[in-house]
Every structure is written in C-alpha cells, then in structure tokens.
Amino acid sequence: MNVKKKIFKLLVKNESSKVLHFLLSKFSNNGVILENLRDTDYIFGASPLDKKIINETAQWIDYTPTYEMQRSNKFDTLGCVTFSELNVNEMLIKKQENKEVNFSDRFTVVDSGTTTGGNTMRNVIESVRKNGLVYEDDYSWDKNSATRNEYFTPIPQNIKDKAKQWLLEYEIGYEAITNNIDSMKEALKYSPLWLAGYAWYKQGDKYISYSTNANHCFIVIGYKENDYWIIYDSYEPYIKRLAWNFNFYYPKLIVLKKKEIKFNQEEIDKLRIDRGWDYIVLVEDFLNFKRGVYELLDTGLRKLELNDAANQWITDKKREGKLEGINIKNFNKLLR
C-alpha cells in the first residue's frame, strides 16, 4: 500500500493520530543510522575481554544513571546513539565499582562524527574504544542557551588528551547478539542492551512497534516475563515499558572493565626491590601506569605528555605519603 492510500484509509477511519505516527515513521529520525551487521560484530571487541555474567537477575533498573535528555529548548543533538551507549557504560561502572559517574555525551557526540542525520552505532563505540571518554564536568554544555553550532564546536586538544587518559584505566568492547527474546534475556546478565527501534507510539500502558522503521537508539534494562521490556531512554519519560513483541534492531551487549596488567616479577627484580610488600605493590602500580601510557604513544600521545603524566603520578603518591624514603629516580628510570 502506498503512502497516499495508507493515509486515506486512516482518515476514513477517523484515526488522525495514526496518520501522524505513520508520517513520522516514514520521515522522522531521532538520531540513529542503521548499518548492516558484519560477521566481526558478533565477536569483535567483547570476546577478547573475557566477558562475565555480572548481574544474574538481568534487571538493571537499580543502576540507572542521571537522567539526561538529548535535546534542549533550541535543538535536538540527534545523539541518541551516544546517549544510550554512555548510559550503558555508566550503569556497568555503577554495578561493578559501586560508584556513579557521568560521561560527557557532548564529547562523544562530536568526536564520533554525529551529523544532522544522526550516527551509526559502530561509529560511536569505535570513538569510545579508540579515543576514550571524559566526564560531564570536563566538557558540558548549557542546555538553556547553547546553540547547535556552539554544541558542535571542534573539541579542544586538551579535552581530547584527557579522554585518552581514560583509556589508561579502562577497556571496552561490544558484541552483537541474536535478535530474539531468549538471547536478549540471557545477554542482560552481562550488560544492559544497546539497540534500536521505532520511537514512540503508546497503546495503553506500553509502547508498541507501530512501524518497522527504526529511528532511535535506547537501552533495555530489564523485563517482566511475557509482558513487557523495561527501557531507559534519552527522551521523557526516561523509563518506558515496551510491548513484549516490540521490534528491536541490532541488539548489542557492552563489556567494560578496568585494565588488569599482571605483576611483572622480572621487571621488579631488576630494581632490586627488597623493602617489603608495600614497596612492591607501589612499584607494580607504577608499572601498570607506565604500560597504560605507552599504549597511547601509537595513538598520538606525545613524549612530553608521557613525562607530565608520570610527574603527576609521582605528585599524587607523594601527597598520599606513599613515597617516603623511596628513591624517585628508580621510578623515573622505568620510563626509559
């Protein structure tokens, strides 16, 4: 049935609201550009990180982050792909580390190349994997006064460098999952599910799939068996219930974990460590720091920044009183 006939049929039935949703389903986009999955999407990123079940209940509503809308009074960022992915990251950290963080959506929206047509899921996750993240306090925006042009101003170099520092501490990957109910229920034990669908048409107390045109990204954070899915969104209401047969597209789980670099006894021995366990732990901490920084050298981090980072580490440890009686030169030698 073509567009004109569909509209005429709905008008005859006096269903003007459905006419509106039909037109929206054809022509509106809240920020997602769909790409066909590649074979590597099913194994890329997450598998090498040794994903583990971290939430046996598969219910994430207790870990939802601060509500943030993707649009302001003046414009829509069309950054739903970014807002939803970062929400997953924030929830994973809250679950695994029992701390609340708020990443800068603006940084990743811009860094990943979001346009007035939105962005792909692959562009966003690759931006996070390769270029890192900064916190909202580091790169925020005034939702009451900022214009689109101001929001999309090129990111300052010092903010980009700060995002790279996040990669010293964390690694992230993703894995596409089979798009069916059982697979999604199982995958929810690993992370909230990052996916796409049609936004939004409400029937009763649930939102239904009025269209097969996916135009929005959001995350599934739980479910009630055979009744509804619970999702977290970047549009109000932030918590929504979706019909059990809602049409989802390209669901993915995210694996986010702190880097774990094994204790290198040979390298410690070279320093002739004989001051006890506390000293060894301190040196191990520095070695972990050093290896993490060196991983960034190939991505453009300059030697000056490496030295500055090392000096900052030493300053922090001095402030904590952990370098008393220790020859700082031994640590500096590790940078050579």
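Every number here is computed from the coordinates shown, using simple stated rules; none is lab data. This structure is a prediction, so every number in the text was calculated from the model and none was measured. Glycine gets a Cβ as well: all are built from the backbone with ideal geometry, and neighbour counts include every protein chain shown.
Can you give me the C-alpha center-to-center distance between segment 57-75 and segment 116-173, rounded to a whole angstrom?
Rounded to whole Å, the Cα centres lie 17 Å apart.
Longer than 20 Å from Cα to Cα, which of LYS51/LYS94; LYS52/LYS224; LYS99/LYS257; LYS95/LYS258 are they? Say none if no pair is.
LYS52/LYS224
Below 14 angstrom from the Cβ of LYS95, what's the summed charge of the other residues (Lys, Arg +1; Asp, Glu -1)?
So the environment of LYS95 carries a net charge of +2.
Taking 0.36 nm per residue of separation and subtracting the Cα-Cα distance, what length does fully extending ASP137 through GLN96 add?
Values: separation 41, 0.36 × 41 = 14.76 nm, distance 2.21 nm.
Extending this stretch completely gives an extra 12.6 nm.
Taking K and R as +1 and D and E as -1, what net charge do the other residues with C-beta under 13 Å from the C-beta of TYR190 add up to?
Net of charged neighbours comes to +3.
Say R0 is 25 Å: what FRET efficiency, to the nearest 0.05, do LEU34 and GLN203 get from their beta-carbon distance? Don't skip to the end; give the middle numbers.
On the way: r = 24 Å, r/R0 = 0.97.
Calculated transfer efficiency: 0.55.
Rounded to the nearest 0.05, what FRET efficiency do GLU320 and ILE53 have when you use their Cβ-Cβ distance and R0 = 45 Å?
Approximately 0.80, to the nearest 0.05.
Fully extended, how many nm does the chain gain between THR116 and SER145 (0.36 nm per residue separation, minus their Cα-Cα distance)?
Length difference between fully extended and current span is 8.5 nm.
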